Amino acid sequence: DTKALSTNMYLDPVTDELYVFYLNDVLVLPFSHRQDTSYKNDVRISKVNVNNEHSFFFPEQSLRLGTKENNLIIDFTTVDFHDGQPYRFAYRMHADADWTSLGQQRTLNLTNLSPGTYTVEVAAISKSGIQKTKALNFSIA
């Protein structure tokens, strides 16, 4: 049986297809109602703003910046559909460095960075103490 989701959508749980009716068209989309909770990393770097001039959204690869591109604003968030807990955040500039607390702030400002290669790690710590991390690699040449 199909299930009516609204007056113009139907879900067929047998075939996992979502039917969307719009004007004179029918759009059929694959749909899975199963939840995937096996997230590899639940911290996301959503934006890196460089010198307040240009931005990189959801960077996944190492960023290569010019010598004068040395002021960064890094925005990040968590993906958490289950806990709903407030997170505390921290960062470190080197794997062997101590973590610097950011509290509940989800933005990191780095200014006047010297040329070099950097790895910034951002951590999200839940109320229950579970820590999730994400690294951002970039170089300033």
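Only the coordinates and a few stated rules stand behind these numbers; no lab work does. As the structure is a computational prediction, the values presented were derived from the model and not from experiment. Here Cβ is always computed from backbone atoms with ideal geometry, including for glycine, and neighbour counts include all displayed protein chains.
Hey, with R₀ at 41 Å, roughly what FRET efficiency would Thr107 and Val20 work out to, going by the Cβ-Cβ distance, to 0.05?
Plugging the Cβ-Cβ distance into 1/(1 + (r/R0)^6) gives 0.65.
Working note: Cα atoms of the range 60-141, range along each principal axis, descending, whole Å: 41, 24, 18.
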